1. For the stretch 49-79, what are the residues that are at pLDDT 95 or above and outside any loop (DSSP other than H, G, I, E, B)?
2. Of all the residues that make up the stretch 23-32, how many are closer than 14 Å to residue 46 by Cβ and surrounded by 14 or more Cβ atoms within 10 Å (Cβ to Cβ)?
3. Considering only the stretch 21-33, I want to know if a residue exists there that is under 17 Å from the mean Cα position of the chain (by Cα), farther than 29 Å from residue 97 by Cβ and without any contact (Cβ under 8 Å) to a residue 12 or more places away in the chain.
4. Quick test for you: out of 60, 85, pick the one residue that is in contact (Cβ under 8 Å) with a residue 12 or more places away in the chain, surrounded by 10 or more Cβ atoms within 10 Å (Cβ to Cβ) and assigned by TED's automatic domain parsing to the domain that holds residue 24.
5. What tally of residues in the stretch 1-38 results from selecting those that are part of a helix (DSSP H, G or I), at pLDDT 95 or above and over 18 Å from residue 59 (Cα atoms)?
6. When you go through (1) in contact (Cβ under 8 Å) with a residue 40 or more places away in the chain; (2) within 26 Å of residue 98 (Cβ to Cβ) one by one for residue 44, which number turns out not to apply?
């Protein structure tokens with residue numbers, strides 16, 4: 001696992017999810033677009049100060065930035081999903097909500 005690439009990829013994903021361009025985020029964080037580009041491709045590692053600025057600009061916590069549970073092997077993720085669903089099987093409202101979400105995702 002390359003931590004620079006993983007964090008850079010996560011920042012890029014979160015930035016795009018919020019509809020922010022690289023130039024906009026760089027300006028908001030008071031860093032150069034080139035620096036941000038290097039961070040996003042995993043070429044450069046950010047300082048703690050820059051990380052704090054990016055987290056603030058993206059309105060996320062450090063925990064969200066470092067969360068990598070979704071990077072586990074698919075088999076493990078499927079097993080976790082089964083366990084989560086089993087844990088709510090007696091709560092029909094939760095089961096219905098999970099069903100709606102999964103159905104929507106499958107139809108994408």
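The values are calculated or read from the model by the stated rules, or taken from the named source; none is laboratory data. Quick caveat, the model's predicted, so the values are computed rather than measured. So basically every Cβ, Gly included, is an ideal-geometry build from the backbone, and we count neighbours across all protein chains shown.
1. 49, 50, 51, 52, 53, 54, 55, 56, 57, 58
2. 4
3. Filtering the stretch 21-33 for residues under 17 Å from the mean Cα position of the chain (by Cα) gives 21-22, 25.
Imposing the further condition that a residue be farther than 29 Å from residue 97 by Cβ reduces the set to 21-22, 25.
If we keep only those that are without any contact (Cβ under 8 Å) to a residue 12 or more places away in the chain as well, we get 21.
Yes, there is a match, as at least one residue in the stretch 21-33 is under 17 Å from the mean Cα position of the chain (by Cα), farther than 29 Å from residue 97 by Cβ and without any contact (Cβ under 8 Å) to a residue 12 or more places away in the chain.
4. Just one listed residue meets the conditions, 60.
5. Looking only at that region, the number is 5.
6. Single failed check for residue 44: (2).
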